[in-house]
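All remarks here apply to the structure that follows.
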Amino acid sequence: MDTLALPDGRSLDFQISGPDGGSVILFHHGTPGSLLASRRIERVAHAQGHRLLTYSRAGYGGSSPRPGRRVVDVAEDMAALLDHVGVDRCVTAGWSGGGPHSLAVAARLADRVTGALVIAGVAPHDATGLDFTAGMGEDNIEEFGAAREGEDAVRAFIEVLLPQLRGTTPEGVVEALGSVLPDVDRAVLTDEAGADMVANFQEALRIGPEGWIEDDLAFVQDWGFELDEISIPTFVWQGSLDLMVPYAHGEWLGQHVPGIKAHLIEGEGHLSIGLGATDQMIAEVTATLA
């Protein structure tokens, strides 16, 4: 793990792994989340000859909070990070809450990013024709309801969950997130995948909940960019059984991001789709580097 001093004085935790000289996948974690990527994703990226560049969004892990941030603000941080590690050209990928941030980078750093991947990523909160919370599990409905009320309400909601996700076990994650985990997702939260999620949450929340709070507030306001700004090849993968980010979000993105290729997969959930189709996802988006 390394730390970058950003131009405005904030700190950004990041890490990069993989074969020397390999092309770069810039990966945006979910909500909550951190720079500790799934080992499955890391293995596939390395096996296909790529380096994986991960970071902890503002307020997560050791990265400084950025109160009031919008989704679009990540592009500024990512430009600084790419400069720091000496990467001129890469692809961007985001899972869940990382999806909008991957799209922001696609929109604003098109001179450096050749393709964008969204894995079970949320659509805009105010999207025309989309009921944002329809089909979500009860915990997510309550969480976004609190975010709509404002910082005090979402902070109170998250602080109840905080001790459940710090120092937990894979079984504890299933218990804490029960209403948003269909059977197909519970089935993958064993062994390595379960341990990786626990480690990810622990790193994300080791100092406090600020990143999670900032994410939730950013999702229920204007993202700060328009989807029609995106001009690079973009790919979305979404499962029909997802209770965290419902299928309708993937459908909506598939209809509203210019030139997007949508993989809308029956029988997959929020976690299972990312771990089951990793090879195809990475191969597809990194083909844009050719």
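The values are calculated or read from the model by the stated rules, or taken from the named source; none is laboratory data. Just so it is clear, the structure is predicted and the values come from calculations on it, not from any experiment. In this analysis, Cβ positions are derived from the backbone assuming ideal geometry, glycine residues included, and neighbour counts consider all displayed protein chains.
Go through (1) modelled with pLDDT of 95 or more; (2) under 18 Å from the mean Cα position of the chain (by Cα); (3) among the small types (Gly, Ala, Ser) one by one and return the number of the condition residue 37 breaks.
(1)
Can you tell me which residues in the stretch 174-225 are modelled with pLDDT under 90, under 24 Å from residue 100 (Cα atoms) and either among the charged types (D, E, K, R) or not in a loop (DSSP other than H, G, I, E, B) (or both)?
Scanning the stretch 174-225 gives a single hit, 179.
Let's see how each residue does on (1) touching a residue at least 24 places away in the same chain (Cβ under 8 Å); (2) within 24 Å of residue 126 (Cα to Cα); (3) among the acidic types (Asp, Glu); (4) surrounded by fewer than 21 Cβ atoms within 10 Å (Cβ to Cβ):
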site	(1), (2), (3), (4)
184	yes, no, no, yes
191	no, no, yes, yes
204	yes, no, no, no
211	yes, yes, no, no
218	yes, yes, no, no
226	yes, yes, yes, yes
235	yes, yes, no, no
238	yes, yes, no, no
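So which residues in the stretch 128-152 are hydrophobic (A, V, I, L, M, F, W, C), crowded, with 16+ Cβ neighbours inside 10 Å and either over 19 Å from the mean Cα position of the chain (by Cα) or outside any loop (DSSP other than H, G, I, E, B) (or both)? Show your work before the answer.
Going through the stretch 128-152, the residues hydrophobic (A, V, I, L, M, F, W, C) turn out to be 130, 132, 134, 136, 141, 144, 146-147.
Right, trim to crowded, with 16+ Cβ neighbours inside 10 Å and you get 130, 132, 136, 141, 144, 146-147.
Across the stretch 128-152, the qualifying residues are 130, 141, 144, 146, 147.
State yes or no: is residue 49 more than 20 Å from residue 209 (Cβ to Cβ), free of Cβ contacts under 8 Å to residues at least 24 places away in the same chain and small (Gly, Ala, Ser)? Give the steps one after another, and end with the answer.
Working: more than 20 Å from residue 209 (Cβ to Cβ): yes; free of Cβ contacts under 8 Å to residues at least 24 places away in the same chain: no; small (Gly, Ala, Ser): yes.
No: the conditions fail for residue 49.
Assess whether residue 54 counts as being touching a helix residue (DSSP H, G or I) at 6+ places or on another chain (Cβ under 7 Å), surrounded by 17 or more Cβ atoms within 10 Å (Cβ to Cβ) and among the hydroxyl-bearing types (Ser, Thr, Tyr). Reasoning before the result, please.
Working: touching a helix residue (DSSP H, G or I) at 6+ places or on another chain (Cβ under 7 Å): no; surrounded by 17 or more Cβ atoms within 10 Å (Cβ to Cβ): yes; among the hydroxyl-bearing types (Ser, Thr, Tyr): yes.
Taking the combined requirement at face value, the residue does not satisfy it.
State which residue pairs qualify: first residue touching a residue at least 24 places away in the same chain (Cβ under 8 Å) and inside the stretch 91-102, second residue surrounded by 24 or more Cβ atoms within 10 Å (Cβ to Cβ) and acidic (Asp, Glu) in any location, beta carbons under 8 Å apart, and separation of 6 or more residues or different chains.
So the pair list comes out as 97/215.
Would you confirm whether any residue within the stretch 228-250 is of a type in the set (Ser, Thr, Tyr), part of a strand (DSSP E or B) and at pLDDT 95 or above? First the steps, then the outcome.
Of the stretch 228-250, the ones of a type in the set (Ser, Thr, Tyr) are 231, 234, 240, 247.
Narrowing the set further to residues that are part of a strand (DSSP E or B) leaves 234.
Narrowing further to those that are at pLDDT 95 or above: 234.
Yes, some residue in the stretch 228-250 is of a type in the set (Ser, Thr, Tyr), part of a strand (DSSP E or B) and at pLDDT 95 or above.
For the stretch 46-121, which strands (runs of 3 or more DSSP E) that fit wholly inside it have 3 or more residues that are closer than 24 Å to residue 216 by Cβ and at pLDDT 95 or above?
Working: elements: 50-55, 90-95, 113-119.
Qualifying strands (runs of 3 or more DSSP E): 90-95, 113-119.
Kindly establish whether residue 209 is in contact with an Asp or Glu (Cβ under 7 Å, 6 or more places away or on another chain) and on the phi < 0 side of the Ramachandran plot.
Numbers: in contact with an Asp or Glu (Cβ under 7 Å, 6 or more places away or on another chain): yes; on the phi < 0 side of the Ramachandran plot: yes.
Taking the combined requirement at face value, the residue satisfies it.
Filter the stretch 2-15 down to residues that are over 19 Å from the mean Cα position of the chain (by Cα) and either over 10 Å from residue 66 (Cβ atoms) or among the hydroxyl-bearing types (Ser, Thr, Tyr) (or both) and give me whichever is surrounded by the fewest Cβ atoms within 10 Å (Cβ to Cβ). Full working, then the answer.
Initially, the stretch 2-15 is screened for residues over 19 Å from the mean Cα position of the chain (by Cα), giving 2-11.
Retained after the next criterion (residues that are either over 10 Å from residue 66 (Cβ atoms) or among the hydroxyl-bearing types (Ser, Thr, Tyr) (or both)): 2-5, 7, 9, 11.
Values: 2: 12, 3: 14, 4: 18, 5: 12, 7: 11, 9: 7, 11: 14.
The qualifying residue surrounded by the fewest Cβ atoms within 10 Å (Cβ to Cβ) is 9.
Cβ contacts < 8 Å: first residue farther than 20 Å from residue 138 by Cβ, restricted to the stretch 166-181; second residue in a loop (DSSP other than H, G, I, E, B) and at pLDDT 80 or above, any location; separation 6+ or different chain. Result?
Close Cβ pairs satisfying both conditions: 166/205; 166/206; 170/189; 170/190.
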